[in-house]
Amino acid sequence: MVEASHTALSPELRQLFFMIIVFCQVSRPSEFFERHWNIMADDIEPRLRRVMRNPTLTISSDDLRDNVLSLIDDLLRRYRTSLADKNLPLPRSESCFDDYDRMVREEMNYDRDELEAEHAVLVHSLNPQQKSIYKCILTSVEQADGQVFFVHSHGGTGKTTYLWRTVLVAVRLHGNIALAIASPAVDRSLRDIRGAVDSKFSSVPFGGITVVFCGDTRQILPVIPGGSKTNIINYTFCNSPLWSSCHVMHLTVNMRLVKADLDPRTRDGLEKFARWLIVVEASTDYFSQDEVSRLSTFAAGDLSPYPIEFLNTISAPGVSDHRLSLKVGCVVMLLRNVNQMSGLCNALSACSFLLLS
């Protein structure tokens, strides 16, 4: 450890200490740590000054030691072990920095010069659609509006490569925390946490923090083991109580087509696929005749004993559904012979390219 300290930085020395503890037979790990923890702590005080935005922050020797132990414990837990398992000392429970949330420290421990350079490049690469959404999200963050957004986009529109990277970098550049994860459980937790500070936050989505969702509602449905069609549809995000609070925005420009090095054949194929992804969203509904045929058993003027609404819900083999939804580009199959001379036979598969209203 002493020899390595002449050329290695503190993070590298902590990594070396971790490897020795895990892969070597150390007879007295606690004494080994006490002899060398000082050379593993050089970067902790400058980093905490930057994270806590206090350039004059001074940390006591005991707090430095506890921070070194916490960082080594993080490395050990990746190998499903801990300080106690390796007979190493534990941090003091009263340490003022030990309870400082590690995720907060990681999320605020960024190099501002690198963020500024990356932000300039990313903003320049945004197309008009992405830039408009980016400005809306940043405005909500800067003004603390706490809006909830849903960006509807199919594959290839650059939501991850361009938009999300730019938003995350911009938020962190302003000294805020940006987490690339959200769920209904987070909504309830943030309402409880923020509601403890101000009761008005307990009644707004995500406790008044700006949240952005993204996805394609036309992709794979959620999997509900043993669930019916109704259960699966009701479990989609569009039927979530949060949906009514979302500002829905759309990305439709396929960023794969703006690459200059695409050959004509590949570009033509991508253009056709991109147009199909957009067009396939629009559907046309066709309904069966909404009345009951008159049977000889009905007297003149008599009504059917079966309500129309009930008859429209019947779905049985050999009987067409009351509502048939078709989209341009979808595959359809004939279930009976319509015109054999024209080739419209049972089990014929075809692709719809024109829908008539």
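Laboratory data are not the source of any read-out in this text; all were calculated from the coordinates shown. A quick note: this is a predicted structure, and the numbers were derived from the prediction, not measured. Positions of Cβ are backbone-derived with ideal geometry, glycine not excepted, and every protein chain shown enters the neighbour counts.
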Item to complete: Would you please put 147-160, 221-234, 199-212 in order of how densely packed they are, using the mean number of other Cβ atoms within 10 angstrom per residue and starting with the highest?
Response: 147-160, 199-212, 221-234
Item to complete: Provide the per-residue ³J(HN,Hα) series for the stretch 335-341, in order, calculated from phi with Karplus coefficients 6.51, -1.76, 1.60 and θ = phi - 60°, each as a whole number of Hz, with x at glycine and proline positions.
Response: 9, 7, 6, 9, 8, 5, 5
Worksheet item: Using θ = phi - 60° and the Karplus curve 6.51 cos²θ - 1.76 cosθ + 1.60, what whole-Hz ³J(HN,Hα) does each residue of the stretch 156-169 get, with Gly and Pro shown as x?
Response: x, 8, x, 5, 8, 5, 10, 5, 5, 4, 5, 5, 4, 5
Practice prompt. Show the residues, 5+ positions off or on another chain, whose built amide H is closer than 5 Å to the amide H of VAL212.
Written response: PHE149
Response to the item:
Packing-ranked peptide list from 24-35, 337-348, 125-136, highest mean Cβ count within 10 angstrom first, is 125-136, 24-35, 337-348
Discussion item. With θ taken as phi - 60° and the coefficients 6.51, -1.76 and 1.60, list the Karplus ³J(HN,Hα) couplings across the stretch 211-217 in order, rounded to whole Hz; mark glycine and proline as x.
Written reply: 10, 10, 9, 8, x, 10, 5
Practice prompt. Would you mind classifying the stretch 112-257 by shape? Square roots of the alpha carbon gyration tensor eigenvalues, ordered a ≥ b ≥ c; an a/c under 1.5 is rounded, otherwise it is prolate if a/b is larger than b/c and oblate if not.
Written response: oblate
Fill in: Over 18 Å between alpha carbons, listed pairs LYS135/LYS159; LYS135/LYS259; LYS131/LYS159
LYS135/LYS259
